[in-house]
Amino acid sequence: MARRFPRGFRWGTATSAHQVEGCNRHNDWWAFEQHPGRIYGGHRSGRACDWWRHAEADFDRMVALHLTAHRMSVEWSRLEPELGRVDEAAVRRYRQMLLGLRDRGLEPMVTLHHFTLPLWVAQAGGWENPDAVEWFRTHARRCAEWFGDLVDVWVTVNEPNLVVVLGYLQGRHPPAVRSLRRAVVAARHLLRAHAAAYHAVHELQPHARVGIAHHLRPMDPLRPQNPLDRWVARWHSEWFNWAWLDVLQRGRARGRWVLGRIPECAATLDFVGVNYYTRDRVRFSPGAPHLGFGLHRPTPGAPTSDFGYGELYPEGLLRVLREAWRRYRRPVYVTENGLPDAEDRWRPRFLLDHLACVHRAVEEGIPVLGYYHWSLVDNFEWTEGWRMKFGLFAVDPASQRRRPRPSASVYGAVCAAGALPDP
């Protein structure tokens, strides 16, 4: 065990409320699932992983793996199922869950918005409604009041770039529209909502750490010698990866990006949360203006995870960690990293190779404070339903039985040692 991680490094897993809790009918995703053809195989979240009743059994599995942290989200629609009406039972249940983590020696990191909106917000226009900024501020402040004695690391928004791309450009997630104009409106409100939540939490917890979990992926030209491929890859990388974080650091994106200036967003990042899964090869396509003239593919011939989800490319994690540190000089958490791999063919090596890249980043002086694997258990994977298996533990959604995959013991051994084995 030659490659040691710093003392206090967080060893964790990550989940989101809708994907694991089950039976919440008050958000836009539950409604979205009821429309035929939107979810693979007609799947539904249903009981999900039954965390609303029995999360603590999986918390015990975290302890058995020697984890020291867990990233979870609180479901806004459970806490405020109608505008202005608080569900006190939901507040108590989340406190019980957070206490359950703390009592087991697991530090919670809490996400305030992980893809889902209360139905009442969605029906009022969702992120296109400027009132959503104030509504989200209120949600954040309440969570700090209710849970601040148990939580001091907060993620305001998970993957704002994917919220906009999948919901407002590709139409694959709620609200299922395809409009650049509406996408820009939603993006600006989403960033303003982050800033409002950032300040709301800090008013009550001055020493808390507040940031976002941002989906980052290297984008390389498919044909490196082709200038158009190089141009479109750089352009897509800048707006998808970095423009959002630029706004939260400087109040504006670099260059003439459609996000424009949002001064109230400046200096609202205490850390950068990096969600990393894969990289894209980008090819210029004049026939795809709706895709920004770029087609995204894995590297030809490279190994990919189940259903072609993404190329297995550990070095990409090191690349985005370096770039995030170079640009923003903020501490970093790897807030998500994983792959769909039902047979566990790739995951053991995937874990070791990606953690090796994290260790190299730490050796280079990048303050990476923790690693949160996605995910502890198989869960409801949005439009992919139950077919994509991201868990260290396999889950049968019908019986709720768990079965550890070999990768669970691999990750557990690393967490126990706080170090990687010699290569």
Practice problem: Tell me, please, whether a residue that is out of contact with any strand residue (DSSP E or B) (no Cβ under 8 Å at 6 or more places or on another chain), of a type in the set (S, T, N, Q) and not in a helix (DSSP H, G or I) can be found in segment 388-402. | Solution: yes
Quiz item: Only one residue in Ser375, Ser409 is closer than 26 Å to Arg172 by Cα and either out of contact with any Pro (no Cβ under 8 Å at 6 or more places or on another chain) or part of a loop (DSSP other than H, G, I, E, B) (or both), so which one is that?
Solution: Ser375
Practice problem: Could you grab the pairs with beta carbons closer than 6 Å, sequence gap of 6+ or different chains, first residue in segment 343-364 and touching a residue at least 60 places away in the same chain (Cβ under 8 Å), second one charged (D, E, K, R)? | Solution: Asp344/Arg405; Arg347/Asp341; His359/Arg3
Quiz item: When you go through Arg209, Arg217 one by one, which is the residue that is under 14 Å from Glu323 (Cα atoms), at pLDDT 95 or above and of a type in the set (Lys, Arg)?
Solution: Arg217
Quiz item: Out of all the residues in segment 273-291, which are in a loop (DSSP other than H, G, I, E, B) and either surrounded by fewer than 18 Cβ atoms within 10 Å (Cβ to Cβ) or of a type in the set (S, T, N, Q) (or both)?
Solution: Thr278, Ser285, Pro286, Gly287, Ala288
Quiz prompt | Among residues of segment 59-68, those that are touching a residue at least 60 places away in the same chain (Cβ under 8 Å) and either surrounded by 24 or more Cβ atoms within 10 Å (Cβ to Cβ) or farther than 23 Å from Thr156 by Cα (or both), counted | solution = 6
Quiz item: Where residues in segment 38-58 are among the basic types (Lys, Arg) and closer than 30 Å to Leu99 by Cβ, which of them is surrounded by the fewest Cβ atoms within 10 Å (Cβ to Cβ)?
Solution: Arg53
Practice problem: Exactly one condition in (1) among the aliphatic types (A, V, I, L, M); (2) within 27 Å of Ala267 (Cα to Cα); (3) in contact with a helix residue (DSSP H, G or I) (Cβ under 9 Å, 6 or more places away or on another chain) is not met by Leu369; state its number. | Solution: (3)
Quiz item: Do we find that Ser77 is of a type outside the set (Phe, Trp, Tyr), touching a residue at least 60 places away in the same chain (Cβ under 8 Å) and under 30 Å from His199 (Cβ atoms) in this structure?
Solution: no
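Matching residues to (1) aliphatic (A, V, I, L, M); (2) modelled with pLDDT under 95; (3) over 24 Å from Gly338 (Cβ atoms); (4) in a loop (DSSP other than H, G, I, E, B):
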{"site": "Ala213", "(1), (2), (3), (4)": "yes, no, no, no"}
{"site": "Pro224", "(1), (2), (3), (4)": "no, no, yes, yes"}
{"site": "Arg234", "(1), (2), (3), (4)": "no, no, yes, no"}
{"site": "Leu259", "(1), (2), (3), (4)": "yes, yes, yes, yes"}
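The values are calculated or read from the model by the stated rules, or taken from the named source; none is laboratory data. Keep in mind that what you see is a predicted model, and the values were worked out from it rather than measured. Quick reminder, even Gly has a Cβ in these numbers, built from the backbone with ideal geometry, and neighbours come from all protein chains shown.
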